[in-house]
Amino acid sequence: MRVAAGAGVGLNVAMPSQSMPGARPESDDQSLCLDLPDLARTAALGRALAGAARPGDCIALHGDLGAGKTELARAFLRAAGVSEDVPSPTFAIVQPYDTDLGPVAHFDLYRIESPSDLDEIGFEAALDDGIVLVEWPERAGPRLPADRLDVTLTLGPEGRRTARLQALGDWLSRLAGLFPDPA
């Protein structure tokens, strides 16, 4: 996705005039890199993605421990209308929520041993019924849907993060709406 280096990129869906500096294009035209200097910007990204998500979507959250995957998921869920506590699904593996967007299932696949384990935890049914947020998506192997948004969070010095959003399938057009080319 082409976004001018250093251009402001709207992250607040309700107020698109607010911007996020530090957006820069990636070479494949289907991804975008954002600087997330603090947790507030990570949360803003989660809220923006909730504004673009719809039933059947899979948002795959990649990153090391502590990179901000659960924080982004919490912000997404809060924007979707969840007012209850949003714990990490590390031990439960999946936390289902009824939201203003419909059902949202937050998966943490860190502890699964094989992609075949997805059958036991209702991964396919969650995709059929609503939106899926999945941490440690690489453990799903080929079971991840081809049409998805990959968000890779990288933790840098002093808690600064970067997010690389790679649009697969129709996510490309939706990201273009969230992050318009200012040129």
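Pull up region 69-121, narrow it to residues that are touching a Ser or Thr at 6+ places or on another chain (Cβ under 8 Å) and of a type in the set (S, T, N, Q), then point me to the one that is surrounded by the most Cβ atoms within 10 Å (Cβ to Cβ).
Ranking the candidates gives 70 first.
Suppose the filter is buried (at least 21 other Cβ atoms within 10 Å of the Cβ) and under 15 Å from residue 68 (Cα atoms); does residue 134 pass it? Break it down into steps so the answer makes sense when it comes.
Numbers: buried (at least 21 other Cβ atoms within 10 Å of the Cβ): yes; under 15 Å from residue 68 (Cα atoms): yes.
So residue 134 fits the description; yes.
Could you list, in sequence order, all residues of region 58-72 that are part of a loop (DSSP other than H, G, I, E, B) and without any contact (Cβ under 8 Å) to a residue 40 or more places away in the chain?
Correct list: 65 only.
Out of everything in region 28-45 that is closer than 19 Å to residue 168 by Cβ and not acidic (Asp, Glu), what residue ends up being nearest to the chain's Cα centre (by Cα)? Explain how you work it out, then say what you get.
First, the residues of region 28-45 that are closer than 19 Å to residue 168 by Cβ: 28-34, 45.
Subsequent filtering for residues that are not acidic (Asp, Glu) retains 30-34, 45.
Working: 30: 15, 31: 13, 32: 13, 33: 13, 34: 13, 45: 8 Å.
Out of the qualifying residues, it is 45.
Only the coordinates and a few stated rules stand behind these numbers; no lab work does. Note that the structure is a prediction, hence the values are computed from the model and not measured. Cβ atoms come from the backbone with ideal geometry, glycine included; neighbour counts cover every protein chain shown.
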